[in-house]
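Here the structure is laid out as structure tokens; the discussion comes afterwards.
The values are calculated or read from the model by the stated rules, or taken from the named source; none is laboratory data. The structure presented is a predicted model; accordingly, all values stated were derived computationally and were not measured. Cβ sites come from the backbone with ideal geometry, for glycine too, and all protein chains shown count toward neighbours. What goes into the accessible areas is simple: the full protein's heavy atoms, side chains included, and nothing from ligands, DNA or RNA. Shrake-Rupley method; radii C 1.70, N 1.55, O 1.52, S 1.80 Å.
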Amino acid sequence: MPSTVQAESTNTTTTRMVHPLLQQFQQLFFVSKLVGILPQDLEKFRSKNVLEKSRNGAFYMVFTLIIYIILYNLLIYSFGEEDRTLKASQSTLTFVIGLFLTYIGLIMMATDQLTALRNQGQLGDLYDRILAVDERLFREQCVVDNSHISGRIKIMLIMTFFFEISILIATYIKLVDYTQWMSVLWVVSAVPTFINTLDKIWFAVSLYALKERFEAINTTLEELVATHEKFKAWLSGGDPYMDDSHSLDSSQPPPQYDSNLEYLYKELGGLDMGSLKGSGRNKVAPVAHSMNSFGESVQTGQKPQMNPMTVNMAHESELSNATKVEEKLNNLCQVHDEVCEIGKAMNELWSYPILSLMAYGFLIFTAQLYFLYCATQAQSIPSLFRSAKNPIITVIALSYTSGKCIYLIYLSWKTSLASKRTGISLHKCGVVADDNLLYEIVNHLSLKLLNHSVDFSACGFFTLDMETLYGVSGGITSYLIILIQFNLAAQQAKDAIQTFNSFNDTAGLMGAATEMGNESSTTTILYDLMTTTMMTPID
Amino acid sequence: MAGQLGRVLHYHLRFYQLLGFHGLPLPGDAHPLRTQRCLQIWSFCLMIFLGTLAVFCVCSEDEFIHIGDTFGSFNDVLKYTVGGIAVVSIYVETLISHRHLARFWRLHGLLSDLLPSSTSTSSSWWRELRQHWRYLSWFHGLTASELALLAFFSLGQGTIRRHLVLFWTTFQPFVWLTHIRNIQFVLHVELLRQQLKQLAHELNLLAEYSKFANRRASFEGFENYLRRQLRQKQLIYDKIYDMYTSFQAAFRYSMLTVLLMIGVRISVDCYFMYYTIYNNINDIDYLFILPALLEIPAFIYTSRGCMEMLPRIAYKLHSITPGPTSSSYPTLSLQVKQIQNFSLQMMHQPVVIHALGITILDGYLLTRLACSLSTYAIYAIQFMPKLRRNV
């Protein structure tokens, strides 16, 4: 009863003490609203820090989406003219890849915007649930600090602007013909990636916030352990580090590897192997029954009785009171469950955008490297991928794309690990407290935690953990090599055709020369040369 | 660092210190803080030197890299780049994560102090050799084979071209350093395995003891005794798990880069081996690849051995037979609860050795690596005739 009263009283202060997470998202929300990533109401967000549905916002978002699509198509059209003239000189493979990947950025952006439109009601609920979790954690004396989240958002925004602007400006200055007024349209080429990154910042920061909640739960549990260890050390009158080694040292020295049963015989009263082998069964029994056979039995009986007495004298560690700590552990595990559920819901909301981002990352990474190869071989490449002509711009663009993908994967993996760490901390509590009732609670909660972990995935196609990176990097390398081989083969075929054509021309010329009766030794040599060239296999 | 290291470990750690891989003072050192600072400065200097060397070799006009075709020079540049990254990452890690490494060795000392001191008549040298024979055989076997190959190469190769001299004198240090780092991983994993093995052994004895006591001679208080023993084992397991997390934290990036370096090197050297045979070039430097082929299996074999201890421990734990249910706890006996708790703890704290989460170092990785290396070798060989025309 007193605990519920206390909870009630703290409940009133909770609302004042816990600041909503969305408070930290102010700048990000304004930018997102401006470029049309989120349809939610701006005024409500500014005044109450809540995300609420807004019809005007939705219309504005659809409007921006249509504008982007029109501008992007205009961009493709105006820059595509170069492609049409260059089509003959491009290899078919390069041309097809360029065609295939032209719209992928646009598809990614449309996925982000349409998903945000679909989720506009649920997104607000998600942050409400996080606020509820924060309040519950606060009641368990576990405060989550949100203040540095806005700093993180700022850093991410600055990095996004830096990458986008540096790629855009460098490409514009070095690789776009800026004497024509249509070249201004090149700015549109940065829109899809920019919008996508802003949307992913929402996901990344929210995920980071969840990770912090898991870590807060773990820290609370580990603090319980640390206080209890100090408390026990205080009881035994030693320094805190003594307890650690003492608890381990109190066991009898473990036996050696090769002495298989020696330990057992030692336990049974210092009998050596030979004497036991010779002895009959009835000789063993009396030894085993004696209390002296294990020297610790006297201590063993005393220890559990000692604890409750001293606990009453000095209430320092919560873990020494099993009934009291039971409630706390239960609450923490429930909060853990709730955070896991929020994580799953969040993953659900962003599943399509993440899938499209990963597909985009994989394809663009491969294509950009392939086009870089083409550019080094002085082949023409699709005009939309002109940034591949410059290795430095390519490096920046690739690190931007891969950084985005890898950071999301890394964060998901870390969050998943943090959620799994709770079980470890819980077991530490159980073992350190060494209380019968607590073991029961810990075993129960431990099973619960085992069955309820959070794993992030992209629409269920693949999990977002570091192992995915292994597969993806292997895939990129393989495809790149295959593409380059195709390109080499195509290039050789093209060379051969050109040589053949020029040979035909020469032969025609030669025929004309012969007709004119003006045969010269040089043409014969040339003819021989061409014939031998054509006859030599390409090995 | 608690506890005294054995002489074998002491000398090997000195060796790693000399190479700048172990940035911690050893237990017997007179001025630990000063030694640590000196070791860190030494690691830093080596890092700068080798990093500069890699950049110099790639950018130099001289014949450091293969001159002949673009693909060959690309391969050599790749080798230098990956080698440079690997070595720099090793030293950066030594400088940054020395706290985790110190924790690993402190826990190792703490757990080793619990082991019985040598009671047998054999000398401590012999005991240590027996304890660390796996690590010692990997270390000395691989080092000896590298040196033997070097001797064979310098004797067997007739006229050594300038490119080979330049390439091997600059590139071989990178190879050796990554190999020795790999063996350093093996040492740490092997120590972890020894602790797990010891725990499994103790649980085995406890299981036999419990069986014996239940069948023949149970006694009052046995239940409590068994429970306390189990709890101690749980605490020990927790320490071993801490040791494992410290190991993972101390060797994060370098594990990945070292594996990558060895993999890339094997793949590229396979290409050049084929190249020299295909073009009838009288070089035998491709033989240097042989010890590299054993490096990754050495690490994977050790880590697999370590990870395989876990099911053994669980099996031994569950073969402990609890005594008859006591009247005071009619539902579930105390020992059963303790065993359950331990078992659950092990499920939450699995010892899984991984390289930054990207891949788990088990037998499956070896299969995947073999597959991918052979695939890349085939790709590379396919390039060769096509590229000859571009020379």
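On the beta carbon distance between B:L147 and A:N73, with R0 = 60 Å, the FRET formula returns roughly 0.35.
The stretch B:14-36 and the stretch A:436-470 have their alpha-carbon centroids 40 Å apart. When a/c reaches 1.5 or more, the comparison of a/b and b/c decides; with that in mind, is chain B rounded, prolate or oblate per its Cα gyration tensor? Note, shape of chain B comes out prolate. Only the Cβ atoms of Lys and Arg (+1) and of Asp and Glu (-1) were treated as charged; on that basis the dipole of the stretch B:186-330 about its Cα centre amounts to roughly 840 debye.
Just how far, in whole angstrom, is the stretch B:141-196 from the stretch B:39-91 if you go by their alpha carbon centroids? Measuring centre to centre over Cα atoms gives 16 Å. Backbone N atoms of the stretch B:241-277 closer than 12 Å to the 7 Å Cα→Cβ label point of A:I482 are not found in any residue.
Comparing B:Y286, B:Y91, B:Y278 in a Gaussian network model of chain B, where Cα atoms under 10 Å apart are tied by springs, the biggest mean-square fluctuation is seen for B:Y278. Loop sites by DSSP among the trypsin sites (Lys or Arg not before Pro) of chain B, restricted to those with at most 15 other Cβ atoms within 10 angstrom, leave B:217-388 as the longest stretch without any of them. Toward the positive end of the charge dipole of the stretch B:193-278, with +1 on the Cβ of Lys and Arg and -1 on the Cβ of Asp and Glu, the farthest Cα among B:S254, B:L196, B:Q232 is that of B:Q232.
In this structure the stretch A:42-133 gives 54 Å² per residue of accessible area when probed at 1.4 Å with all protein chains present. Modelled spin-label separation between B:Q36 and B:H10, with each label point placed 7 Å from Cα along the Cα-to-Cβ direction: 2.1 nm. Compared with the direct C-alpha span, the chain from B:L95 to B:L166 gains 22.6 nm at full extension, assuming 0.36 nm per residue.
Computed extension length for A:K53-A:A345: 103.3 nm, one decimal, from 0.36 nm per residue of separation with the Cα-Cα distance subtracted.
For B:I67 and B:S374 in the same chain, what is the full-extension length gain: residue separation times 0.36 nm, less their Cα-Cα distance, in nm?
On the way: separation 307, 0.36 × 307 = 110.52 nm, distance 2.48 nm.
Full-extension gain reported as 108.0 nm.
Charging the Cβ of each Asp and Glu at -1 and of each Lys and Arg at +1, and nothing else, the dipole of the stretch A:399-450 about its Cα centre rounds to 400 debye. When the Gaussian network model of chain B links Cα atoms closer than 10 Å, the mean-square fluctuations of B:H179, B:H348, B:H98 top out at B:H348. In sequence order, the stretch A:187-202 has phi-based couplings of 4, 4, 4, 8, 4, x, 5, 5, 5, 4, 5, 4, 4, 6, 5, 4 Hz under the Karplus curve 6.51 cos²θ - 1.76 cosθ + 1.60, θ = phi - 60°, and Gly or Pro positions carry x.
Estimated from the Cβ-Cβ distance and a Förster radius of 51 angstrom, the FRET efficiency linking B:V77 and B:R127 is about 0.55.
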